[in-house]
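What follows draws every value from the coordinates through simple rules; no lab data is involved. Keep in mind the model is a prediction, meaning the values are calculated, not measured. When we count neighbours, we look across all protein chains shown, and the Cβ atoms used for this are built from the backbone with ideal geometry, even at glycine.
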Amino acid sequence: MNGFTHTSRLGRTIALGMMVAGFAVAAAGAGKAEDLIVKYDQSQLLRLPRPAAEIIIGNPTIADISVQSGNLLVITGKTFGITNIIALDADRNVIQDQRVLVKRDESKVVNLQRGTQRQSYNCTPQCNPSITIGDEQKFFDAVTAASQKKVNFSSSGGDSPQPGSN
């Protein structure tokens, strides 16, 4: 075998490898374009091409769906992850089958990292602790408890007697 033939084969092998890699990148980009990105603890609207009779969500612990009208859905990110939504019409034909990615909203978020322990704060404009999955357990529990106390106080209307008052 002469050096020219070997070089030509090597060149074809490299070209073929680059072409396969190019197709893989294009396919990955095409899949991402179809994904619906929903931020954690936020909602995103999804308009279907026609009214749905039934909505199926792959993992309801990741995202929640409510139907605002026959073809307008509200998807709320409940925890980080990937799931899918399948919308069916009255004849059980698929209207839409779409992946949903729930991710963290990084804007105006500050993470305090101490070794492997993380605490999250929303800074809009002042920094307040936020309940974020993945934070250090003690911090998460304390922020959750404080948040629940606030919700309970607000729902009672603040009408309950305060200690030391008549």
Fill in: P(r), alpha carbons of the stretch 65-166 - 5 Å bins starting at zero, rounded %
2, 9, 13, 14, 13, 12, 12, 10, 8, 4, 2, 1, 0
Worksheet item: What order do you get for 136-142, 99-105 when each peptide is scored by the mean count of other beta carbon atoms within 10 Å, highest first?
Response: 99-105, 136-142
Practice prompt. Considering the convex hull of the alpha carbon atoms of the stretch 37-84, report its projected area averaged over all viewing directions, in nm², one decimal.
Written response: 3.1 nm²
Worksheet entry | Cα gyration tensor shape of the stretch 57-110, rounded if a/c is under 1.5, else prolate or oblate by comparing a/b with b/c | prolate
Discussion item. Using a 7 Å offset from Cα along Cα-Cβ at ASN93, what residues in the stretch 35-79 end up with backbone N under 13 Å from the label point?
Written reply: 49-53
Worksheet item: For the stretch 109-154, what does the alpha-carbon gyration tensor say about shape, rounded, prolate or oblate, given a ≥ b ≥ c as the root eigenvalues, a/c under 1.5 as rounded, and a/b over b/c as prolate?
Response: oblate
Worksheet item: Can you give the extra length, in nm with one decimal, that the chain gains between THR79 and ALA145 once fully stretched, where that is 0.36 nm per residue apart less the Cα-Cα distance?
Response: 21.9 nm
Worksheet item: Listed highest first by mean packing, meaning other Cβ atoms within 10 Å per residue, what order do 62-68, 120-126 come in?
Response: 62-68, 120-126
Worksheet entry | Residues of type aspartates and glutamates that LYS103 reaches as a straight line, Cα spacing below 13 Å, ignoring anything fewer than 8 places off in the same chain | ASP35, ASP41
Worksheet, complete the sentence: Quick calc: nm separation of the 7 Å Cα→Cβ label points for THR124 and VAL110 -> 1.6 nm
Worksheet entry | Sorted peptide list for 40-46, 75-81, criterion being average Cβ within 10 angstrom, highest first | 75-81, 40-46
